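A short worksheet on the structure shown next.
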Amino acid sequence: MSKRILVVLGHPVKESFCSALADAYVNGAKIAGNEVQLISLSTLSFDPILHNGYNSIQPLEPDLLSAQKAMKWAEHLVFVYPIWWGAMPALLKGFIDRVFLPGFAFKFKDGSAMWDRLLSDRSAHLLVTMDTPQWYYKFVYRMPGHNQMKRTILKFCGIKPVKVSSFGPVKNATLQKREKWLAKAHAFGRDT
């Protein structure tokens, strides 16, 4: 059964290993007969700063309105990005701040600390690169970036399950290792 899949490439550099992972995933998903859209944040035109917090919502640029429309369309979301300083790049965080707005991604209930999760009925997969050894990121740092994206953003908005696949360390990876990771991303797309 085919799915509607949105892939969000959160690396600010257009030509990156994250870009290659995203392309591999997209190709695998298309081969399997899925409908796929790709959003590359490096090509969008938007202000990533939420200037007034959530006190007053600043108007969304056309690229962000299109991104919201694509998220509503999608049944499965894939985010591809690097871990920098323990978390996602500022461009991806700014995108989330601007797009995952109250009334779109969640809505607090009047007179209650509880909220409605407005992006339910979607699943997600995070394809994350890093230079920190995975065991060190997990056991010493306790995966702050993975937890932020999985628990405090996506699951908060009702997106589940959320699968996380880490690739790294990338910095000194051989060509053979990188090709193995690309084949893995292709298989993830094909098997979604």
- request: Looking at (1) in contact with a strand residue (DSSP E or B) (Cβ under 9 Å, 6 or more places away or on another chain); (2) more than 15 Å from Leu126 (Cβ to Cβ), find the lone condition where Phe104 falls short.
  value: (1)
statement: Of (1) at pLDDT 95 or above; (2) under 16 Å from Ala67 (Cβ atoms), Ala29 satisfies every one except (2)
statement: Residues of the range 19-33 being under 15 Å from the mean Cα position of the chain (by Cα) and closer than 14 Å to His125 by Cβ, in sequence order, are Leu21, Ala22, Tyr25, Val26
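The values are calculated or read from the model by the stated rules, or taken from the named source; none is laboratory data. For clarity, every value in this text was computed on a predicted model and none was experimentally measured. Note that each Cβ is placed from the backbone with ideal geometry, even for glycine, and that neighbours are counted across all protein chains shown.
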